[in-house]
2 protein chains.
Amino acid sequence: MSIDDELRRRGERVIPGGMFGHMNAGTLPPGYPQYFERAEGCRLWDVDGNEFIDFMCAYGPMIAGYRNPQVSAAADRQRQIMDIGDGPTRLIVDLAEQLTTQISHADWAIFAKNGNDATTVCNMVARAHTGRRKILVARGAYHGAQPWASRRTKGTPEEDYVHFPRYEFNDIESIRQAAAEVEGDLAGVVVSGFKHDAGFPQALTDPEFARAVRKLCDDTGAALILDDVRAGMRLSLDSSWSLFGVQPDLSAWGKCIANGEPIAAVLGSETYREAAAEVFVTGSFWYQAAPMAAALATLAILRQEDAPRRLDHLGQMFRDGLYEQAQRHGHSLLQTGPPAMPTVMFEDDKGFEVGFRFCSAALREGVYLHPWHNMFLSLAHRESDIGRALEGTDRAFGTL
Amino acid sequence: MSIDDELRRRGERVIPGGMFGHMNAGTLPPGYPQYFERAEGCRLWDVDGNEFIDFMCAYGPMIAGYRNPQVSAAADRQRQIMDIGDGPTRLIVDLAEQLTTQISHADWAIFAKNGNDATTVCNMVARAHTGRRKILVARGAYHGAQPWASRRTKGTPEEDYVHFPRYEFNDIESIRQAAAEVEGDLAGVVVSGFKHDAGFPQALTDPEFARAVRKLCDDTGAALILDDVRAGMRLSLDSSWSLFGVQPDLSAWGKCIANGEPIAAVLGSETYREAAAEVFVTGSFWYQAAPMAAALATLAILRQEDAPRRLDHLGQMFRDGLYEQAQRHGHSLLQTGPPAMPTVMFEDDKGFEVGFRFCSAALREGVYLHPWHNMFLSLAHRESDIGRALEGTDRAFGTL
């Protein structure tokens, strides 16, 4: 019996269903490890010593490499002085200044732990500012596991969704109609950097849609809330819709802004400052200094290495390679989303049957892919890593 | 201008209201620093170099001393191997086993970041298990800053509270009545380790009340949800109502269980395991290994040093000293809550006027107290620290 199996047996007894949430390996093809031992750069080792080139980056947080020496040094140095206390350190000011300088729409910052803390605070600020209740959310989008933010409704009364009408992402008519139906009560519209619903092909944001949402918010006085928790810093070092010249009023950040140290951020424009000061939001660990030190170090690296351009290049190299291999092996791939956050599926693959076999085979070749969730590139991936990963996927295609 | 003032000026520009949440020094008497520089043992230094014996313990998370060498070593060692990845490490199993062994009612564990994540997950599990909607919450209690969990309603539609009827803590008749009013739809009852509402005198849990709540839940099939985020591990190394022989069905933990490393936990009994497996709850940083290593180290220290007994002793020493000083200086103190989590107010002190002056004076003597929130003792406080703090409070009484 493998060490992973032993741990699963123990885990079954003390963790509901064996594992909770998105890291439950039960949702992955056979052979995927549940438990990991070691992480470095773009590589992971499971508890049985198997080594993988990782294309999930811990589902996003890792962007500058696991155990990045500069980020770790900054966080460790801060931990040797002070992490928590009865108030924050000066780093909270430094980080708020950095983010409001870097992100065009931002005039102020609030820090939290979960990306979902940040998206929820955005809603509260939008409601406090407008005095209205309704927040439009794209059907199928995920803004965290809190009841309002997720499609999964087990344990949540229907009434919790009553103020969150749905619209179709990239569909101007649907969002206009959803807004019209709650006329006079529209507090905000939540959008994502792009359409990255798990289990579906991804879709880049239609710039026309982005501009129409901005106009809708301007016309109605509702807040444009950009959830950049997942896409943030990988498409742009500004907020993701800046690519189309569209600025949100409020934006939510998390995952990779401190390369895996736990921190999330709410950024907002001047108009929403007063409401943000009136809303009471907080948490025991929201003022932790070490993740702020890590964030400052991470943001510096992302700027120095022009992360979005670099990740796009690496992702495109991987995408091109997979395309060529699929052609050669006679498969039709469905590659969607931005190259820096690629989703790889097979055409007409009901239940991800082919995808599961492909990912299992790639895993055996030391390449950790995901069959139904967008993946992530990092600055720790070098061209040689992409090349080596492609050697693995080529052999994986060969087994199909 | 002090460094604190300079940082406040910069902070005003980039943080709404100068600071968000419970660490906004604007709610404290004049002279309290907003920004801190260094932490060690039971001592804090602000950015201007002032040293304090700290009685807030970062509002609870610190229980074994700031930068406790054993806890830091465990967390740092883990960070040098792996903190985040595409799944958890074996530490999640070790920690779930430790907690389910240590906490009588617990058969399983789910980990999160904020205490409020844990209290919210408890509600979801209770609702998923019962198929009902209503959760009774004590009037004035705080279970986190998420809308349902807090008294502060800015930015929250009234409808968000519709499934959270209020009752009076320690009032058996009021909770029976609240339950009767939602008969057939009662999913759970949320209680705290004791009544620790900020801004009010505290109240220990009446054992009769605890037993009546247990019976109410048994009779109705509702979940007894214990929010032990704040009181946990300071009154008992089991869940806090174990002191009266009352076991909850679900309990929420956070703050001090990893001595300040960010982790929260939901613990539950066998009956609720299936519902817990059906509810989808997760977060980007919920599987972090370093805080789990810190939690294992912290829990070992708490057991070795019999933390509740030791903190009770230290707190009683502080309470007795304050009582004697107040008598001698002609003041009537209102000391409430358990000695390990003391609240110190003055009788008939409208607007905390005397309390503010006393706390400001104590601060100048190097003693960091809080005028309207419960305080926290830690294992890093030695009798000599309590003695030194009492010298400071004696001089502070003298200035009133």
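The values are calculated or read from the model by the stated rules, or taken from the named source; none is laboratory data. Bear in mind that the values here come from a model prediction, so they are computed numbers and not experimental data. We place every Cβ from the backbone using ideal geometry, glycine too, and count neighbours over all the protein chains shown.
Only one of the listed residues (A:Glu324, A:Glu274, A:Glu305) is surrounded by fewer than 24 Cβ atoms within 10 Å (Cβ to Cβ) and within 14 Å of chain B (Cβ to nearest Cβ). That residue is A:Glu274.
Residues in region A:348-372 that are within 17 Å of A:Thr399 (Cα to Cα), within 21 Å of the chain's Cα centre (by Cα) and assigned to a loop (DSSP other than H, G, I, E, B): A:Leu369, A:Pro371. Answer with yes or no whether A:Phe346 is out of contact with any Lys or Arg (no Cβ under 6 Å at 6 or more places or on another chain), of a type in the set (Phe, Trp, Tyr) and in contact (Cβ under 8 Å) with a residue 40 or more places away in the chain. No: the conditions fail for A:Phe346. Out of A:Met317, A:Met345, A:Met375, one residue alone is assigned to a loop (DSSP other than H, G, I, E, B), modelled with pLDDT of 95 or more and not basic (Lys, Arg). It is A:Met375.
Might you check whether a residue that is surrounded by fewer than 19 Cβ atoms within 10 Å (Cβ to Cβ) and touching an Asp or Glu at 6+ places or on another chain (Cβ under 7 Å) occurs anywhere in region A:340-352? No, because not a single residue in region A:340-352 is surrounded by fewer than 19 Cβ atoms within 10 Å (Cβ to Cβ) and touching an Asp or Glu at 6+ places or on another chain (Cβ under 7 Å). Given the structure, is A:Leu7 over 14 Å from B:Ile84 (Cβ atoms) and either within 8 Å of chain B (Cβ to nearest Cβ) or hydroxyl-bearing (Ser, Thr, Tyr) (or both)? Spelling it out, A:Leu7 is indeed over 14 Å from B:Ile84 (Cβ atoms) and either within 8 Å of chain B (Cβ to nearest Cβ) or hydroxyl-bearing (Ser, Thr, Tyr) (or both).
Does A:Leu296 fit the bill of being touching a residue at least 24 places away in the same chain (Cβ under 8 Å) and in a helix (DSSP H, G or I)? Answer is yes for this residue. Selection of region A:16-66 for residues being among the polar types (S, T, N, Q) and more than 7 Å from chain B (Cβ to nearest Cβ) yields A:Asn24, A:Thr27, A:Asn50.
Can you find a residue that is out of contact with any helix residue (DSSP H, G or I) (no Cβ under 8 Å at 6 or more places or on another chain) and crowded, with 24+ Cβ neighbours inside 10 Å anywhere in region B:12-23? The answer is no; no qualifying residue exists. As a summary of the residue check, A:Arg77 satisfies the conditions (1) over 23 Å from the mean Cα position of the chain (by Cα); (2) at the interface with another protein chain (Cβ under 7 Å from one of its Cβ atoms) except for the one numbered (2).
On the given criteria, is A:Gly245 touching a Ser or Thr at 6+ places or on another chain (Cβ under 7 Å), more than 20 Å from A:Thr119 (Cβ to Cβ) and surrounded by fewer than 24 Cβ atoms within 10 Å (Cβ to Cβ)? So A:Gly245 does not fit the description; no. Restricting attention to region A:149-178, the residues that are surrounded by 21 or more Cβ atoms within 10 Å (Cβ to Cβ) and of a type in the set (Phe, Trp, Tyr) add up to 2.
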